[in-house]
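Computed from the coordinates by the stated procedures, all read-outs in this text should not be read as laboratory data. No experiment lies behind these values; they were computed from the predicted model shown. Glycine gets a Cβ as well: all are built from the backbone with ideal geometry, and neighbour counts include every protein chain shown.
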Amino acid sequence: MVRLIAALVGIVFCAALLWGAVLPRDATAPDQVKALHLHPREVDFTFNNPVVGTFDRQQLQRGMQVYKEVCSACHSLNRVAFRNLTDLGFNAAEVKALAKGYDVPSIDDKTGEVNTRKALPSDHFPPPFPNDTAARAANNNALPPDLSLITKAREDGSQYVHSLLAGYKDAPKGWTVPDGLYYNPYFRSLNIAMPPPLTEGQVTYADGTKASVEQMAEDVSAFLTWTAEPKLEARRRTGTGAVLFLIILTVLAYASYQRVWRDVKGKKTATPAV
C-alpha cells in the first residue's frame, strides 16, 4: 500500500513537471527602468588617452570654480587640501587667498571653546554641513556624497558625472516622478533627489569661456577626475618609461644572446673531420 501511494505521488509530481514545461508562460512585463536608462555619453577629455593623456590646467581651474560656486553648497571634498591646488596651476599666493575664503572648525587656545578660523593652505576643504544628519535635513533626507573620489566610485567615472549633470530631462509619458525627486535617465533608478545643479551662465569664467551647461559639466567632471587621481600624469609617465626601458632591455638582451652564442652554434653545426 505504501509503495502504491509513493508511486502515485511520483506520477503526479512528474505530470506536474511535464505540464509546467509545456504550458506557455505569460509574457513578462519589460523592465521600464532598464528600457529608459541611458549609458553615459562619450566625452573627449584630454586625459582619456591611457599613454599620453594629460590634464588641461585651464579646464581644471574652471572645474574648481564650478565646484566652489555650485557644488560645494551640498557636496564635500574631504580628501583635497588647498595646497594641492598648486597642481592646477595656482601659485602659493592664489592658494592662500582661496583658502582664506573658507572657515574651518578650531578651538580657542585660551578658553577651549569651539570656534572657527580662516583656512590655511594645509587645511582640507571643509564640509558644507557639520554632520550627516544636518546634510539629510537640508536635502530632503538625501545624503549628498563626498566628491573626492566620485569618478573612481562610479562606473564610467568622468563620463558618468558629465552625463548626469547635463542629462536632466522631462520624464517620458508613463513614468512617474515622486514629489521632491527629478528625472535623470543617466541615474541608476532614473529618479534622483538632486535638483538640476547647472543653468546657462551660472558662473563667470575668468578666461572668458562661455559657461554653458555642457561646458560646466565637462569642466567639473575633469576637476573631479583630478581630485580622484591627482598622480595620474606621473603614473602614466612612470609606466611609459618602464615599458620603454623593458623594450630596450629586451632588444639588448637578445643582441647579447646572439653575439655570445654565435660561435658555439657555429661549432655545433660544423662538419666533424674524418
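Most mobile of Ala81, Ala16, Ala153 per a Gaussian network model of the chain (Cα springs, under 10 Å)?
Maximum among the listed residues: Ala16.
Around Trp175, under 15 Å between beta carbons, what's the net of Lys plus Arg minus Asp minus Glu among the other residues?
Working: positive: Lys34, Lys169, Lys173, Arg188; negative: Asp31, Asp170, Asp179.
Around Trp175, the charge tally is +1.
Indicate the helices, whole DSSP H runs only, in the chain that combine a mean Kyte-Doolittle hydropathy of 1.0 or more with a Cα extent along their long axis of 20 angstrom or more.
2-22
Take the alpha carbon gyration tensor of segment 176-249, find the square roots of its eigenvalues, order them as a ≥ b ≥ c, and report rounded if a/c is under 1.5; if not, report prolate when a/b exceeds b/c, else oblate.
Here segment 176-249 falls in the oblate category.
Picking from Trp261, Trp226, Trp175, which is most flexible by a Gaussian network model of the chain using Cα springs under 10 Å?
Comparing Trp261, Trp226, Trp175 in the GNM, the peak value goes to Trp261.
Looking at the chain as a GNM with Cα springs under 10 Å, which of Ser72, Ser221, Ser189 has the largest mean-square fluctuation?
Checking each option, the largest mean-square fluctuation is seen for Ser189.
Under 12 Å Cα to Cα from Lys210, which aspartates and glutamates show up? Leave out anything in the same chain fewer than 8 places away.
Within the straight-line limit of under 12 Å, Lys210 reaches these aspartates and glutamates: Glu200, Asp219.
Per 0.36 nm of contour for each residue apart, how much would the distance between Arg3 and Ala153 grow if the chain were fully extended, relative to their Cα-Cα spacing?
47.9 nm
If I model a spin label as a point 7 Å beyond the Cα along the Cα-Cβ vector, how far apart are those points for Asn78 and Ala35 in nm?
Modelled inter-label distance: 4.1 nm.
Could you tell me whether segment 59-111 comes out rounded, prolate or oblate from its Cα gyration tensor? Rule is a ≥ b ≥ c as square roots of the eigenvalues, rounded for a/c under 1.5, then prolate if a/b exceeds b/c, otherwise oblate.
In terms of gyration-tensor shape, oblate.
Please work out which option in (1) 59; (2) 66; (3) 71 gives percent of Cα pairs over 22 Å apart calculated from these coordinates, and answer with its label.
Of the listed options (1) 59; (2) 66; (3) 71, (3) comes from this structure.
Using the basic label-point model (7 angstrom from Cα toward the beta carbon), what is the Thr238 to Asn48 distance in nanometres?
For the pair Thr238/Asn48, the computed spacing is 2.7 nm.
Which translational diffusion coefficient, to the nearest whole µm²/s, is obtained for segment 125-274 from the Stokes-Einstein equation, given a Kirkwood hydrodynamic radius over C-alpha pairs, 20 °C and 1.002 mPa s? Mind showing how you got there, number by number?
Working: Rh = 20.7 Å.
In µm²/s, the coefficient rounds to 103.
Quick check: Cα centre of segment 85-131 to Cα centre of segment 151-173, how many Å?
31 Å
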